[in-house]
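The values are calculated or read from the model by the stated rules, or taken from the named source; none is laboratory data. The structure displayed is predicted, hence computed values, not measured ones. Backbone-built Cβ (ideal geometry, glycine too); neighbour counts: all protein chains shown. To get the accessible areas, we keep the full protein, side chains included, count just its heavy atoms, and leave off ligands, DNA and RNA. Shrake-Rupley method; radii C 1.70, N 1.55, O 1.52, S 1.80 Å.
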Amino acid sequence: MKKILLVSFFVLLSLMGHYYAKISLTLVCIGIIAAFIGTLAGGGGLITLPAMMLVGIPIQTSIATNKFSTGISALSSIFYLLYHKELHLKAILKYIAIAGIGGVGGALLAVSLSEKTMNFTACILLIFALIVTLKNKAWTNTVNHTEHTTSSLWQPFFIAMYDGGFGPGSSTFSILYYLRCQHTYIKAVQLTRALLFGSCTGAFIVFYQTGFIQWHYAIAMALGSILGSQLGLLVLPHIPIKIAKLLLPVMISLLIIQMLWKII
């Protein structure tokens with residue numbers, strides 16, 4: 001009941017924001033769908049970036065808007081998880097900090113690299129991620145703290161760097177990383193929300209300074225993303241492990257197709 005009430009609060013908050021800010025309902029809907037799918041399996045950028053470009057938003061503004069909305073939705077997810085004591089602040093602060101630094105570095109790097117180079121890099125990484133996903137046999141629904149491998153910080157840093165500079169597939173990379181650390185699928189998704197908050201916050205600082213943020217776009221996407229991420233977290237415990245195993249390779253495959261289309 002508490003979860004339903006909390007999600008209802010975010011629904012009401014989004015509707016109020018939509019009414020008073022007079023923002024685009026289309027962008028709110030895009031944010032909801034992308035955040036819902038992105039929370040469960042990653043690949044939200046597969047929806048948001050092309051959709052924003054289709055409605056006439058420039059690519060630089062689309063990336064900057066996506067960083068803001070994803071960061072806000074990740075923050076709302078962290079509040080949700082802390083409130084239900086599914087995450088502990090002390091345990092995620094190091095990931096938020098290292099991801100923030102990585103996000104800044106990625107955004108600065110993106111300014112100096114061409115979009116084609118970023119697409120090519122993303123395609124190579126996604127193909128590697130698909131192979132790892134298909135080979136991964138260690139998915140589990142049970143918690144066994146004694147089996148957790150020692151988690152390094154350099155992998156989350158590079159994931160955050162990639163997310164800060166580009167983004168599509170970063171949630172999937174993060175989920176796979178935490179799965180390899182022997183976390184459950186649910187815990188991997190939860191920790192990914194913390195990582196994304198850090199990387200998006202760092203990237204947003206850079207994009208804000210470059211003047212690519214358009215607030216009427218950003219607020220619309222953020223409201224939709226908040227609602228979509230809360231719905232995703234609400235559904236998450238009820239997702240069978242077989243469905244989760246199917247979602248990840250499907251989203252990675254779609255991302256690879258998108259990257260190849262852009263490269264060609």
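Here is how the numbers come out for the structure above:
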{"read-out": "Residue in segment 92-102 that is farther than 16 Å from Arg193 by Cβ, modelled with pLDDT of 85 or more, within 19 Å of the chain's Cα centre (by Cα) and surrounded by 13 or more Cβ atoms within 10 Å (Cβ to Cβ) present", "value": "yes"}
{"read-out": "Segment 167-180, residues that are more than 15 Å from Gly38 (Cβ to Cβ) and either open to solvent by less than 10 Å² (accessible area, probe 1.4 Å) or among the hydroxyl-bearing types (Ser, Thr, Tyr) (or both)", "value": "Tyr177, Tyr178, Leu179"}
{"read-out": "Candidate set: segment 56-85, residues that are outside any helix (DSSP H, G or I) and open to solvent by 50 Å² or more (accessible area, probe 1.4 Å); chosen: the one farthest from Gln214 (Cα to Cα)", "value": "Lys85"}
{"read-out": "Extreme residue, surrounded by the fewest Cβ atoms within 10 Å (Cβ to Cβ), among residues of segment 103-127 that are part of a helix (DSSP H, G or I) and small (Gly, Ala, Ser)", "value": "Ser112"}
{"read-out": "Residue that is least open to solvent (accessible area, probe 1.4 Å) [pool: residues in segment 233-242 that are at pLDDT below 75 and part of a helix (DSSP H, G or I)]", "value": "Ile241"}
{"read-out": "Residue list for segment 133-166, filter: buried (at least 16 other Cβ atoms within 10 Å of the Cβ), at pLDDT 70 or above and in contact with a Pro (Cβ under 9 Å, 6 or more places away or on another chain)", "value": "none"}
{"read-out": "Conditions (1) closer than 18 Å to Ser69 by Cβ; (2) at pLDDT 85 or above; (3) buried (at least 18 other Cβ atoms within 10 Å of the Cβ): number failed by Lys187", "value": "(1)"}
{"read-out": "Selection within segment 203-232 - out of contact with any helix residue (DSSP H, G or I) (no Cβ under 6 Å at 6 or more places or on another chain) and modelled with pLDDT under 80", "value": "Thr210, Gly211, His216"}
{"read-out": "Unmet criterion (only one of (1) at pLDDT 80 or above; (2) assigned to a helix (DSSP H, G or I)) for Leu130", "value": "(1)"}
